[in-house]
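Reviewing the structure listed below.
The values are calculated or read from the model by the stated rules, or taken from the named source; none is laboratory data. Small disclaimer: the values here were computed from a predicted structure and weren't measured. With ideal geometry, Cβ positions are generated from the backbone for all residues, glycine too; neighbour counts draw on all protein chains shown.
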Amino acid sequence: MSNLFDLTGKVAIVTGASSGIGVQIAKAFARQGANVAILARRYDKLTKVAKEIEALGREALPVKCDVTIEKQVITAVNTILNTFGKIDILMNNAGVDSVGSIDLIEEAEWNRVIDTNLKGVFLMSKHVVKHMKKRNYGKIINTTSVCGVIGGKYEPLHAYNASKGAVISLTKGMAASLARYGITVNGIGPSLFETEMTSPELFEESSLKIYNEICPAGRPGNAGELDGAVIYFASDASSYTTGQTLFIDGGFTSI
Ligand SMILES: NC(=O)c1ccc[n+]([C@@H]2O[C@H](COP(=O)([O-])OP(=O)(O)OC[C@H]3O[C@@H](n4cnc5c(N)ncnc54)[C@H](OP(=O)(O)O)[C@@H]3O)[C@@H](O)[C@H]2O)c1
């Protein structure tokens, strides 16, 4: 049974791996045996994460890459292929959020969120899928959000909602067209996890009280509580699972 989830010998890419959820996921893949290429814009942070992965006994490749810029994506993918020789797993995790009422959000801000959260997934997938198709194998996992299927009553997150909802649709579309190439495409949809993205105010007692009252689990997610889902989607345990988004949300989207 444990072999089903083994990633020994696999090569994974994790975008947005300089902080937060991406770091957790990169280390989870490494603990299962994968070598990991970690991408983000802040190279100094990536080199620290790389050392933590190497301490787990795996190879880590920090690659400075802005996922919104196609040239940088192409260079990053080539660097990874030159280093590891293949790519088995692509975790599209880089993301930014944005709070703003629809009548106030600036066009540039709208574009920043859509470019990072949606176009970034498109560009990374475009250049990694070319390689995966040739090998007739690949596991793509997209980090979306509960905000892809629900709105926020207290905080307007329209650009974020739109980007994450679109990624859920893109996940289904890519899954349907890439299954014949042995490529699965799935998503994870977290609710609230404490990271750089979640402002400290969200974790102040008064804000947390509101979240905890709405969320059936009565608490935010803890570091490590996404690991099981991403390892499942990255491993051969999910060979016949594609197009799915698994909400890891303490029941937030079940009410
Ligand atoms: N935390 C939550 O409660 C929560 C809930 C639902 C979904 N999510 C999703 O989880 C993912 C990770 O977020 P997080 O919570 O871990 O926040 P985080 O700590 O702020 O991490 C975001 C990551 O994305 C990277 N990034 C942002 N723009 C980028 C770009 N243009 N190119 C490359 N990398 C970029 C950042 O690195 P650099 O700044 O170094 O580039 C960073 O590594 C996001 O997709 C987010 O929407 C988070």
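A few points about this structure:
- Within segment 33-84, being out of contact with any strand residue (DSSP E or B) (no Cβ under 9 Å at 6 or more places or on another chain) and outside any helix (DSSP H, G or I) holds for GLY33, ALA55, LEU56, GLY57, THR68, ILE69.
- Exactly one residue out of ILE183, ILE210 is over 25 Å from LEU7 (Cβ atoms) and away from the ligand (no atom under 12 Å from the Cβ): that is ILE210.
- Taking residues in segment 115-134 that are more than 10 Å from the ligand (Cβ to nearest atom) and at pLDDT below 95, and partners anywhere that are of a type in the set (Lys, Arg) and not in a helix (DSSP H, G or I), not one pair has Cβ atoms closer than 9 Å while being at least 6 places apart or on different chains.
- Residue identified as under 23 Å from GLY100 (Cα atoms) and of a type in the set (Gly, Ala, Ser) among GLY221, GLY152: GLY152
- Taken as a whole, segment 87-98 holds no residue that is more than 21 Å from ILE25 (Cα to Cα) and not hydroxyl-bearing (Ser, Thr, Tyr).
- VAL99 being more than 10 Å from the ligand (Cβ to nearest atom), β-branched (Val, Ile, Thr) and surrounded by 20 or more Cβ atoms within 10 Å (Cβ to Cβ): no
- Residues within segment 1-32 that are part of a loop (DSSP other than H, G, I, E, B), crowded, with 24+ Cβ neighbours inside 10 Å and either away from the ligand (no atom under 12 Å from the Cβ) or not hydrophobic (A, V, I, L, M, F, W, C) (or both), tallied: 3
- Filtering segment 179-230 to residues that are over 14 Å from the mean Cα position of the chain (by Cα), buried (at least 18 other Cβ atoms within 10 Å of the Cβ) and under 20 Å from ASN161 (Cβ atoms) leaves LEU192, TYR211, CYS215, PRO220, GLY221.
- Top-ranked residue of segment 231-255 - restricted to ones that are assigned to a helix (DSSP H, G or I) and not β-branched (Val, Ile, Thr), ranked as surrounded by the most Cβ atoms within 10 Å (Cβ to Cβ): ALA234
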